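Everything on this sheet refers to the single structure shown next.
The values are calculated or read from the model by the stated rules, or taken from the named source; none is laboratory data. As the structure is a computational prediction, the values presented were derived from the model and not from experiment. Cβ placement follows ideal geometry from the backbone for every residue including glycine, while neighbour counts extend to all protein chains displayed.
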Amino acid sequence: MKHSKKLSLGIIIILTLAVIAINYFDIDNKLYNEYLSHTITREQREDAIGLNEYELAAGPLKLADAGDQVSGVTWCPVTDSLYVVSGGGSAINVLEYDRNGNLKRKLTSNLNADVEGIAWADGDRFIIVNERQQELLMVDIKTSSNEIDFSNAPSFTFGIGEGGNKGFEGIAWDPETKSIYVLKERDPIRIFRIDGFTEQGKDRKLVITEQKEMEKSLRFFNRDLSGMHYDTVSRHFVVLSDQSDSLTELDENGDTVSVMELEKGWHGLKNTIKQPEGVTMDRQGTVFIVGEPDYLFVFKKHIVSE
């Protein structure tokens with residue numbers, strides 16, 4: 001028994017050293033999944049999305065009319081559509097695509113901002129994050145609309161650290177608690193939960209809490225953060241990193257439970273995804289990733305037949 005315990009401890013030490021090597025020397029991050037497989041609990045494994053088991057189903061799919069600065073994506077169950085935000089011109093555009101990347105609608109706007117993320121938040125409501133101003137904007141996008149008026153859109157601005165192009169980079173929405181999660185790209189990586197923003201009336205109270213456990217998990221393996229999504233089925237988060245070429249799954253406690261590499265040769269990718277900027281999922285577990293300049297990648301869980 002003692003010999004068995006020593007052996008198990010030795011394996012964990014070796015795997016831990018391997019993870020440290022991955023983090024600092026950019027060694028194959030498949031080793032990280034091997035490390036996770038020996039350190040997460042059975043319950044965590046059973047509840048996990050299991051990003052390491054996903055394979056590319058389609059992509060890269062070119063997003064028509066998106067321009068060259070696609071920066072965020074969200075899936076809307078009301079219309080079964082992907083909504084993509086894109087800049088690069090005098091104002092931002094919101095484009096609606098079907099799940100195969102076919103353009104359904106292009107909505108122009110009167111907002112000239114550095115928009116980096118979008119999240120569906122019930123019904124026709126969407127929340128958009130402005131990176132440089134560290135601002136949240138809430139708008140309704142009706143199925144009959146061709147343009148978005150931000151003139152009277154409810155907004156919330158808060159300064160945390162320096163702004164610039166290292167501000168808020170992604171956004172996620174939890175419909176059960178009506179909470180918004182925003183992430184700061186880097187220097188340092190930070191994640192905040194915001195409650196009360198979608199409430200109406202002058203008695204609205206905003207509460208902001210830093211998600212330190214999530215930050216701790218992500219800082220260990222991610223050089224930056226570029227996108228985020230909350231999965232209502234597993235109640236887990238998926239967090240995208242541009243510089244680390246990876247998608248990380250965090251459980252409700254903020255612990256890492258799986259990772260998907262976005263590099264050439266992994267998960268069916270013929271080439272590394274360049275500049276992945278946004279991620280979302282539908283309720284069937286399909287993962288959608290958008291990247292600059294104007295591409296969509298679709299991943300589905302690989303089912304092994306017995």
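Here are the numbers for the structure shown:
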| item | result |
| --- | --- |
| Index of the failed condition, residue 145 passing every other in (1) in a loop (DSSP other than H, G, I, E, B); (2) crowded, with 17+ Cβ neighbours inside 10 Å | (2) |
| Selection status of residue 148, over 20 Å from residue 184 (Cβ atoms) and assigned by TED's automatic domain parsing to the domain that holds residue 237 | yes |
| Search result, residues across segment 156-174 that are surrounded by fewer than 22 Cβ atoms within 10 Å (Cβ to Cβ) and at pLDDT 75 or above | 156, 157, 158, 174 |
| Residue satisfying all of: in segment 246-262; without any contact (Cβ under 8 Å) to a residue 60 or more places away in the chain and over 18 Å from residue 300 (Cβ atoms); surrounded by the fewest Cβ atoms within 10 Å (Cβ to Cβ) among these | 253 |
| Candidate set: segment 190-208, residues that are within 18 Å of residue 230 (Cα to Cα) and of a type in the set (A, V, I, L, M, F, W, C); chosen: the one nearest to the chain's Cα centre (by Cα) | 191 |
| For residue 282: the one exception among (1) surrounded by 22 or more Cβ atoms within 10 Å (Cβ to Cβ); (2) within 22 Å of residue 71 (Cα to Cα) | (1) |
| Those strands (runs of 3 or more DSSP E) lying entirely in segment 207-306 with at least 1 residues assigned by TED's automatic domain parsing to the domain that holds residue 186 and within 19 Å of residue 49 (Cβ to Cβ) | 227-231, 236-241, 246-250, 256-261, 276-281, 287-291, 295-301 |
| Strands (runs of 3 or more DSSP E) lying entirely in segment 48-112 (those with 3 or more residues that are buried (at least 21 other Cβ atoms within 10 Å of the Cβ)) | 70-76, 81-86, 93-97 |
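Each row is one residue, and each column tells you yes or no for (1) modelled with pLDDT of 95 or more; (2) touching a Pro at 6+ places or on another chain (Cβ under 7 Å); (3) within 18 Å of residue 184 (Cβ to Cβ).
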position	(1), (2), (3)
217	no, no, yes
233	no, no, no
236	yes, no, no
243	no, no, yes
255	no, no, no
259	no, no, no
264	no, no, no
291	no, yes, no
306	no, no, no
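Listed here are the residues, each with its yes/no results for (1) crowded, with 22+ Cβ neighbours inside 10 Å; (2) under 23 Å from residue 154 (Cβ atoms).
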position	(1), (2)
184	yes, yes
189	no, no
194	no, yes
199	no, yes
206	no, yes
213	no, no
219	no, no
